[in-house]
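Only the coordinates and a few stated rules stand behind these numbers; no lab work does. These figures come from a predicted structure and were not determined experimentally.
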Amino acid sequence: MGDSPYTRERLAEAVPVSTNWTDLMRRLGLPENGGRRRTLQQRVAEFGLDTSHFKQRSPWKKYPDSAIAAAVKTSGSLCEVVTALGAPPASGTLSHIGRRIAAAGIDGPAPRWRACCEGVGSTHRISATRAWRYPKMP
């Protein structure tokens, strides 16, 4: 068990000098995949080690709910919301912002929003009564 990367001693040494979860995984010699990261996060939490110094790169912080809500009020499509936030209308960004809108319970001004950007790959509309949906347009 002494060779395990998840021991209190190894984690207590590595966590304070690491800058984020990926850096911590590298220092411990772990492959960088989601399963190992989750296990590592659980062990660090279990041992009560402080990770507040880790750099946060969460897109939730990049686009606050207030900015998203303001963009929704002035936009007619999800693509326009994303563009108003200053982000490129890539499908991943559209999906992320759409999930954020649903999570925050933000509704659009109209029962149905018009189709999204041309050439993005899919269409995104909003239902004022049922949160954000991504149906294919006929």
Once phi for every residue in region 76-84 is put through the Karplus expression 6.51 cos²θ - 1.76 cosθ + 1.60 (θ = phi - 60°), the whole-Hz ³J(HN,Hα) values, with Gly and Pro written as x, are x, 8, 5, 4, 5, 4, 4, 5, 5
A chain fully extended from ASP65 to ARG8 at 0.36 nm per residue, minus the present Cα-Cα distance, gains in nm 16.8 nm
Full extension between THR83 and SER95 adds, at 0.36 nm per residue less the Cα distance, a length in nm of 3.0 nm
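Relative to the present Cα-Cα distance, how much length would full extension add between PHE47 and THR19 at 0.36 nm per residue of separation? Display every interim value, and only then the final one.
Details: separation 28, 0.36 × 28 = 10.08 nm, distance 1.82 nm.
Extra length available between PHE47 and THR19 comes to 8.3 nm.
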